[in-house]
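Colleague: Pasting a structure here, questions to come.
Laboratory data are not the source of any read-out in this text; all were calculated from the coordinates shown. Bear in mind that the values here come from a model prediction, so they are computed numbers and not experimental data. With ideal geometry, Cβ positions are generated from the backbone for all residues, glycine too; neighbour counts draw on all protein chains shown.
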Amino acid sequence: MAPDTGSRKDKRKAKKDKHGSSADKTQENDAAECKDEPDLLARCQELEAKALRAHADYQNLRRRAQTDLEAGLKHQMQPLLEELLLVVDFLDMALSSPATNEETRNLATGVEMTRKKFIQALEAASVESIAETGVFDPALHDATEALEDPDQEPGTILETLRRGYTWHGSVLRPAKVKVVAADLKATGPEDEEEVPSEAEGTTEDVPEQEAE
């Protein structure tokens, strides 16, 4: 029996047509993707920009929340710290009293130890004392009195009446100090030399004509 060559040819042709149509579809898809590539790139750039904006907004929100938290903590803690500073002032006043006998000396020792513990607790909370010597700084000191002292520069701190403190770099309480007064002597204008005024006009003697 002769082989059916016609059917085989038809199958090969159908298979070839099938592969050809698949290749054509692949080429069409590639062409469509190439055509849509600019739109995809623009879309990716848009999504990337949105992601960056969202990240920036999150960072700003986080910073604002941290700032608000610190401000609220400072608002609540500052009155308490100011009251504790008053306790330190009272301890300083107690230590300024002379110890005349053994009992008062023992009492002064106990007060000194208590004050030391207070200062350590304040320093642990970032409370630091303001320098009591040097030059007057209006941001740190409150001048209650200005005295003349020719041996020192104007603005020099002479005495600290009440200690001042800072908290996290901000002034919690300014220091009350006495300072050297500035030289306020006004230099008067020098006396102007009197310049003699010139005569407005000169009169010349006209000789009289002799009568003939």
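Colleague: Residues in the stretch 123-149 that are within 30 Å of V180 (Cβ to Cβ) and either charged (D, E, K, R) or outside any loop (DSSP other than H, G, I, E, B) (or both): how many? Walk me through it before giving the result.
Modeller: Filtering the stretch 123-149 for residues within 30 Å of V180 (Cβ to Cβ) gives 127-149.
Those still in the list that are either charged (D, E, K, R) or outside any loop (DSSP other than H, G, I, E, B) (or both) too: 127-129, 132, 135, 137, 141-149.
Qualifying residue count, the stretch 123-149: 15.
Colleague: Kindly provide the set of residues from the stretch 107-159 that are farther than 24 Å from L95 by Cα, of a type outside the set (D, E) and touching a Ser or Thr at 6+ places or on another chain (Cβ under 9 Å), ordered by number.
Modeller: Those that are farther than 24 Å from L95 by Cα, of a type outside the set (D, E) and touching a Ser or Thr at 6+ places or on another chain (Cβ under 9 Å): S126, G134, V135, F136, L140, T156.
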